[in-house]
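Coordinate-derived values only; no laboratory data. What you are looking at is a predicted structure, and each value in this text was computed from that prediction instead of being measured. Positions of Cβ are generated from backbone atoms using ideal geometry, with glycine treated the same way; all protein chains shown enter the neighbour counts.
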Amino acid sequence: MLDLARPKIEIRGVSKTYASEHGPVLALRGTDLTVNEGEFVSIVGPSGCGKSTLLYVVGGFLAADGDVVIDGTPIKGPGTDRGVVFQEYALFPWLTVRDNIGYGLERQGMAAAEREKIVGRLVKVIGLAGFENRYPRELSGGMKQRVAIARTLACDPAILLLDEPFGALDAQTREIMQDELLRIWLETRKTVLMVTHDVTEAVYLSNRICVMSARPGQIIEEFSVTLDRGRSREELVVSEQFNSIRNRVWLSVRRQALVAGGRNEEA
Amino acid sequence: MKKPDRLLFSAKRGVVRIVPLILFGLAWHVVCSAGLVNRDFLPAPAAVAAALADLFKGGEIARNLTITLFRATVGLVLGAICGIWIGVMMARSRRFREYVTPIVGGTYSLPKSALIPLFALWFGIGNITSIAAVFLACLLPMIVNTYHGVVTTPKVLVWSAEALGTGERELWPRIFIRNALPDIFTGLRIALGFSFVLAISAEMIASTNGIGKLIFMYGENGTYDYMFAAIVCIVIVAFFADRVLILLTRRLLVWHESAVAELDARRP
């Protein structure tokens with residue numbers, strides 16, 4: 001179904017040390033990961049394992065040792081080829097829904113009329129037609145995250161980096177948003193790298209799940225997910241196939257969480 | 001809400017606000033007419049009103065108020081521009097911050113009026129001394145608030161802007177300054193208050209004109225009804241200046257949470 005041969009993102013030996021009050025903290029140690037074009041890869045792991053840090057390094061927001069290579073070229077900083085969605089929405093509070101979604105296009109120098117066409121289409125896709133002139137503070141969490149996703153999609157990046165994108169939403173909204181993301185991914189086949197602590201979410205959305213170790217983070221286990229995407233959520237989540245993968249990933253994460261927990265208790 | 005309803009609502013709120021002021025004036029009148037205090041020291045409201053009318057007729061108020069407002073405005077505008085610039089520079093450059101922080105910290109709590117005699121020595125009697133005092137008083141709240149507004153910009157906003165193609169230089173006008181605007185307006189409101197205080201104090205100490213001088217002069221002469229009239233004038237002007245700034249802030253910062261409270265209060 002997919003041409004999995006072409007690597008889109010190559011993370012090679014990435015290490016990251018943070019300065020803290022108690023001296024340097026090693027967040028990532030020699031992390032390697034390759035994401036192929038069109039793949040949806042999730043990174044799960046115990047909290048504080050450095051999974052978000054890895055995503056920020058791929059985004060070009062944090063400098064780190066090692067290389068992040070996109071389409072064969074090492075990155076030098078943030079770029080419009082990588083769209084990012086953060087857990088805290090990160091909408092520009094001083095811009096309306098319309099201007100938030102159109103922000104990246106305007107930066108590219110696109111004319112207002114053309115911009116308006118794309119924004120108008122995306123507003124409909126995310127179901128927020130009629131809310132174009134609202135400011136972020138007037139929106140609910142789910143609406144904000146829809147706008148954040150639309151803002152990222154407007155620039156049509158080849159890669160989506162998602163940092164616990166639905167972590168701040170209530171359970172019902174989260175499921176709706178997951179389905180929307182899945183639909184968008186199936187339509188656009190963008191390369192997605194998502195960080196989450198929700199194992200069910202990872203299994204439901206990804207092709208592949210990488211489990212990260214307790215700090216310093218490294219990818220220690222990978223699970224390939226082959227689910228029939230034609231089936232509905234209701235069918236899928238009760239299926240044997242779904243639950244067996246979910247349980248294996250869950251156990252793997254739990255082992256790491258216990259390691260991390262034990263260490264914290266010693267300290 | 002329909003338009004007439006809103007008008008009625010605002011009118012009602014206006015009345016509610018004015019009632020305590022009327023009561024205050026009444027109490028003042030009663031105290032004076034009952035002979036509880038010496039009328040020479042606390043003139044009755046009617047006497048103050050008569051003095052006010054007299055001052056208006058003679059053009060004294062208009063002339064001196066213009067002078068005071070000129071000094072306060074120039075000092076405020078210069079202080080705001082320099083304060084915003086210094087605040088932004090502090091956030092931009094570590095070295096600049098390391099030099100400026102101790103100076104800002106050391107002078108922040110200094111009552112700036114203590115420097116007026118020194119300024120009078122340096123700059124003489126008149127405009128420059130008053131403007132310098134206002135400038136200095138406005139500068140510090142502007143620096144502190146601008147700096148705070150810039151450095152509290154959430155990382156994810158900066159990162160989002162970068163991922164959407166915003167260059168390093170463009171981040172300043174598009175993200176950092178925008179994020180700092182609510183704090184900058186808070187600083188402006190504080191500075192506006194200071195500008196009146198310092199303009200008037202400087203005029204009392206080192207000036208031949210202005211409302212401050214007028215108040216001081218009538219006080220010296222013992223014509224307290226005229227002194228009160230001048231005070232009432234500056235109170236009214238300062239009050240309206242503050243209201244104008246609040247309205248302006250609300251207009252410019254509709255996107256910000258601070259505007260919500262007021263909007264909610266207007267909802268049925």
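For this structure, a couple of remarks:
- Dipole magnitude for chain B: about 860 debye, using +1 per Lys or Arg Cβ and -1 per Asp or Glu Cβ, origin at the Cα centre.
- Inter-label distance, nm, simple model (7 Å from Cα along the C-beta direction), B:Val232/B:Leu42: 1.6
- Residue separation of B:Tyr99 and B:Trp28 scaled by 0.36 nm, minus their Cα-Cα distance, works out to 20.3 nm of gained length.
- Applying 1/(1 + (r/R0)^6) with R0 = 25 Å to the Cβ-Cβ distance of A:Ile176 and B:Phe9 gives a FRET efficiency near 0.05.
- 0 to 90° range, to nearest 10: angle between helix A:97-107 axis and chain A longest Cα axis: 80
- Mean partner shielding of peptide B:133-141, defined as the number of other chain Cβ atoms within 10 Å of each residue Cβ, is 0.
- Residue-by-residue Karplus 3J(HN,Hα) for segment A:250-261, coefficients 6.51, -1.76, 1.60, Hz, glycine and proline x: 4, 4, 4, 5, 5, 4, 5, 5, 5, 4, 4, x
- Chain B - percent relative contact order, Cα under 8 Å, separation 6 or more: 24
- Between B:Ser113, B:Ser195, B:Ser130, the GNM of chain B built on Cα springs shorter than 10 angstrom shows B:Ser113 fluctuating the most.
- Cβ neighbours within 10 Å from other chains - mean over A:92-104: 4
- Whichever aspartates and glutamates have a C-alpha closer than 18 Å to that of B:Lys112, once near sequence neighbours (fewer than 8 apart) are set aside: B:Glu203
- FRET efficiency, A:Thr226 to B:Leu21 (Cβ-Cβ, R0 60 Å, nearest 0.05): 0.20
- Of all the options B:Arg13, B:Arg63, B:Arg174, the one that moves most in a Gaussian network model of chain B with Cα springs shorter than 10 angstrom is B:Arg13.
- Applied to segment A:135-142, the Karplus parametrisation 6.51 cos²θ - 1.76 cosθ + 1.60 on θ = phi - 60° returns per-residue 3J(HN,Hα) values of 8, x, 5, 8, 10, 7, x, x Hz, with x for Gly and Pro.
- For A:Lys117, the lysines whose Cα comes closer than 22 Å to its Cα, not counting residues fewer than 8 places off in the same chain, are A:Lys144, A:Lys190.
- Going from the fewest other Cβ atoms within 10 Å to the most, the residues A:Val211, B:Val16, A:Val25, A:Val68 appear in the order B:Val16, A:Val25, A:Val68, A:Val211.
- Reach of A:Lys8 by Cα under 15 Å, taken over aspartates and glutamates that are not fewer than 8 positions away in the same chain: A:Asp32, A:Glu37, A:Glu39, A:Asp67, A:Asp71, A:Asp81
- Relative contact order computed over chain A (Cα-Cα under 8 Å; 6+ residues apart), in percent: 26
- 5 angstrom amide H check on A:Val84, placed H, neighbours 5+ away: A:Leu161
- MRE, 222 nm, helices only [DSSP H, n ≥ 4, -39500 (n - 2.57), over chain A, to nearest 500]: -12500 deg cm²/dmol
- Taking the DSSP bridge list for segment A:133-267 and keeping only pairs wholly inside it, about 50 percent are antiparallel.
- Mean Kyte hydropathy of 0.5 or more with a Cα span along the axis of at least 27 Å, helices from DSSP in chain B: B:3-33, B:60-92, B:127-151, B:177-206, B:224-252
- Linear extension gain, A:Arg134 paired with A:Lys76, 0.36 nm per residue minus alpha-carbon span: 17.3 nm
- Karplus-derived HN-Hα couplings along segment A:52-65 (A = 6.51, B = -1.76, C = 1.60, θ = phi - 60°), whole Hz, x at Gly and Pro: 5, 4, 4, 5, 5, 5, 5, x, x, 7, 10, 7, 8, 6
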